[in-house]
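One structure below.
The values are calculated or read from the model by the stated rules, or taken from the named source; none is laboratory data. All figures in this text were calculated on a predicted structure; none of them were measured in a lab.
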Amino acid sequence: MSINASEKTVTTAEVLLATGDADGSSFAVNNTSAVTIYVGATGVATTTGFPVAAAAVLTIELGPSEVVYAIAATTGNAVR
């Protein structure tokens, strides 16, 4: 198992955060921004996504080829 880390900027348009590999994956998002971001599948919106508060960490188990997207009500929000 490898550990990959990167920083993404979440904006008012959905941003792909992660894709599960062939065997599935564990994925954590650390919301280092000052606002709540919202995570979900393709088409996620601030009204339908799972909220991740500022400074919170969310861990998700991804199945093969499952994806996680994020969106926010404002632009320029860093997550790791």
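Among the residues of the range 40-60, not one is more than 12 Å from the chain's Cα centre (by Cα), farther than 19 Å from Ala13 by Cα and not aliphatic (A, V, I, L, M).
So which residues in the range 23-50 are among the aromatic types (Phe, Trp, Tyr) and at pLDDT 95 or above? Selection gives Tyr38, Phe50.
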